[in-house]
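Structure first, commentary second.
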Amino acid sequence: MAIHPIWSHYPEIEDELATSYAVIEKKVRIRNKEVEQVIFDLLYSGGKLLRPAYFILFSRFGDSDLKKTTQLTHAAASLEVLHMATLIHDDIIDDSPTRRGIETVQSKYGKDIAVYTGDFLFAVYFGLLAETTNSVSTIRLNAFVMRRILLGELDQMHLRYNTDITLRQYLRNITGKTAQLFSLSCLQGAQMGKADLKTITSSQHIGHNIGIAFQILDDILDYKQDSISLKKPVLEDMKQGVYSLPLILALRGHKKNFTPYLSKGQEMSDDDIQQVAHLVKKYNGIEEAQNLAERYTNKALTAIQQLPERPERDLLYDLTERLLNRKH
């Protein structure tokens, strides 16, 4: 299976990403063909391998000979496997019917299979990590990130149906759910590539800002579709009490206008959701969210420009600008 066509624009890392993809295909083969098929369905559902890409690019800022080694491709693969595992568990918790326009694992196969599949992917992730490093600090870092991802999910669960959710609480949630893994990918790449201390420190902040902007943009795109549709997980999340940034920002000062719809919880109709989407636009939730996304995007791009001058810096800048200014 070919990797996402976006990488044809970046032939400098396309081969490493393709090799990492092949590593994943090999590592997820098991006797239980039902679970194996579930994983391959997810693997082939259109993921962009963004986290492995950022890992590979930051690994080139040092003087190590990591390029195109087994260590590199296995480390990159481990990050994508961890991402896949968290997606499955995220969909279970949120009871999401679709992801990337495709029926989710838990919706298609049931929650039992989804839980086992997610757990198996965590086991694959740890196996790849063990093949990649014997550094205790690297293992500690990965364990810390997994903990932060889980805490992000727990925070989100705790705040369900809370119309008083603050911007700070939202940012804390997505720091765990999304930004931590981007930050890990950049930081681990810089560390394994033996970059200088300044680049290593910057890599972590760049990854964080990319992750925050990436998630906010996802939130925005769900409200900017030509036709607001229940196919989009974030609008289904509304029924589950998971409120994304445009809604959170529009609620400020206008909560009474949303209450007749949001108070219905899981009983919200399609028309109720359309009305909420209309109010989000009316009270500038999308516009304000876009402004915040631009702030985090600019932080990331500015920091990338300050990295050591080499071809990878230009690739990072171009990729990040493309990613954070996407329309879909």
Practice item. With a cut-off of at least 3 residues that are under 19 Å from Gln71 (Cβ atoms), name the helices (runs of 4 or more DSSP H) lying wholly within segment 128-197. Key: 136-158, 180-192
Exercise for review: Restricting attention to segment 1-31, report how many residues are acidic (Asp, Glu) and part of a loop (DSSP other than H, G, I, E, B).
Suggested key: 0
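Quick one: is Tyr109 modelled with pLDDT of 90 or more and of a type outside the set (A, V, I, L, M)?
no
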Revision key, fill the gap. If you go through Asp164, Asp155, the only one that is at negative phi and either touching a Cys at 6+ places or on another chain (Cβ under 9 Å) or surrounded by fewer than 15 Cβ atoms within 10 Å (Cβ to Cβ) (or both) is Asp164
Check your understanding: Does His208 satisfy being surrounded by 14 or more Cβ atoms within 10 Å (Cβ to Cβ) and within 18 Å of Asn173 (Cα to Cα)?
Key -> yes
Practice item. Scan segment 316-328 and give yes if some residue there is within 19 Å of Asn209 (Cα to Cα), in contact with a Pro (Cβ under 7 Å, 6 or more places away or on another chain) and assigned to a helix (DSSP H, G or I), otherwise no. Key: no
Point to revise | Every residue from segment 307-316 that is crowded, with 17+ Cβ neighbours inside 10 Å and at pLDDT 95 or above | key: Leu307, Arg313, Leu315, Leu316
Exercise for review: Test Glu14 against the criterion of being at pLDDT 90 or above, of a type in the set (D, E, K, R) and surrounded by fewer than 21 Cβ atoms within 10 Å (Cβ to Cβ), and give yes or no.
Suggested key: yes
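The values are calculated or read from the model by the stated rules, or taken from the named source; none is laboratory data. The shown structure was predicted, so the numbers you read here are calculated from the model rather than taken from an experiment. Every residue, glycine as well, gets a Cβ built from its backbone with ideal geometry; the counts of neighbours run over all protein chains shown.
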